[in-house]
Amino acid sequence: MIQKKVNLFRIIPLIIFFSLILLAFIALKSYDKDNIPSVLIGQSPPPLLLEELGNFKLLDKRDLEPIKENILNNFSKSKFLKKITKRVANLGLN
């Protein structure tokens with residue numbers, strides 16, 4: 001029976017990686033999401049100024065109207081998109 005030596009240079013990065021994942025998970029679970037201080041609460045959002053990019057024109061509501069029905073049909077057929085839509089509806093976008 002031949003035993004292979006375990007190379008520490010291969011194990012140490014894995015230990016560090018998984019410990020960072022564990023630390024991030026613990027930090028995210030213990031953080032109070034309802035108590036986030038913000039200066040912008042209660043104010044209107046800043047204006048969104050878009051410019052044309054090269055030869056592409058900016059999209060408008062009128063540009064999206066012809067494909068709106070196609071987008072809705074794709075959402076209604078896709079199981080994955082239905083699952084995401086239900087989750088967003090139940091939990092919100094927070």
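Residues in the range 45-78 that are within 24 Å of the chain's Cα centre (by Cα) and assigned to a loop (DSSP other than H, G, I, E, B): 8 in all. Scanning the range 25-44 for residues that are assigned to a helix (DSSP H, G or I) and either modelled with pLDDT under 80 or loosely packed, with under 10 Cβ neighbours inside 10 Å (or both) yields A27, L28, K29, S30.
Could you list, in sequence order, all residues of the range 84-94 that are loosely packed, with under 10 Cβ neighbours inside 10 Å and hydrophobic (A, V, I, L, M, F, W, C)?
Step one: of the range 84-94, the residues loosely packed, with under 10 Cβ neighbours inside 10 Å are 89-94.
Answer for the range 84-94, where residues must be loosely packed, with under 10 Cβ neighbours inside 10 Å and hydrophobic (A, V, I, L, M, F, W, C): A89, L91, L93.
The numbered conditions (1) surrounded by 10 or more Cβ atoms within 10 Å (Cβ to Cβ); (2) at pLDDT 80 or above are all true for F75 except (2).
Suppose we filter L22, L81 for residues that are among the aliphatic types (A, V, I, L, M), at pLDDT below 80, surrounded by 10 or more Cβ atoms within 10 Å (Cβ to Cβ) and assigned to a helix (DSSP H, G or I); which single one remains? If you could, list the steps in order and put the result at the bottom.
Working: L22 fails: at pLDDT below 80.
On inspection, the qualifying residue turns out to be L81.
The values are calculated or read from the model by the stated rules, or taken from the named source; none is laboratory data. Model, not experiment: these values are computed from the prediction. Every residue, glycine among them, receives a Cβ derived from its backbone with ideal geometry; neighbour counts consider all protein chains shown.
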